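Read the structure below first, then the notes.
Laboratory data are not the source of any read-out in this text; all were calculated from the coordinates shown. Here the structure is a predicted model, which means the values were calculated and not measured. Backbone-built Cβ (ideal geometry, glycine too); neighbour counts: all protein chains shown.
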Amino acid sequence: MKRFAAVLAILGSLACTPLAAQSIDSNYPDRRAYVVNSCPYVELSGFSFQNRYADRRTRFETKMNWKNVGSQPLTVFEIVILKYDAFNRHLVGERWTVTGMNSANWSALAPGASSADGTIGYGEEFVFTAVAYVRAARLGDGTVWEANAAQLLPELRKAVPVFKDFGKLEPDPKSKTE
């Protein structure tokens, strides 16, 4: 009888444990995050993504590091994250504009300087593979650099050789006329 009571006590304490403390992982265990560094001014690294349960809800979070590898300050740059499901089908991606250093410091990113930041979305996403690249960058002198899709596609194929079709290289697979 004592053993039965002990088992009931343990099960009861687990049922009362907050969901976040139970460490439910709603992520694919072998998910992959790739970076394609085709921009001559920004080098991305440390890209990761996950669904994380916090404050009684699940959120999709991304994290990224970057470095100014150019000779001028960067005033703003745009990161695109292409997202794919477990069957390599294109999902709606995201576009992330970094103004200056990061979301807490809008001063220009000096040559050689590094920073990091992240995004938090609403709800979970069933992303198995994600690929990040810089689509545009604005330099301190006002010059705007933009990625060339014809040059980007071979870089994507090198980074993720198992993919046959990357779909549109923009964050949203809808056409511009929709």
| field | Potential lengthening between GLN151 and ARG32 on full extension [0.36 nm per residue; Cα-Cα distance subtracted] | value | 40.6 nm
| remark: For the pair THR97 and ASN65, the simple spin-label estimate (label points 7 Å beyond Cα toward Cβ) gives in nm 2.7
| query | Spin-label point model (7 Å from Cα, Cβ direction): what's the ILE120 to ARG89 distance in nm? | reply | 3.1
| field | Fewest-first ranking of TRP106, TRP96, using other Cβ atoms within 10 Å as the exposure measure | value | TRP106, TRP96
| message | Once you place label points 7 Å from the Cα toward the Cβ at GLU170 and ALA104, how far apart are they in nm? | response | 3.4
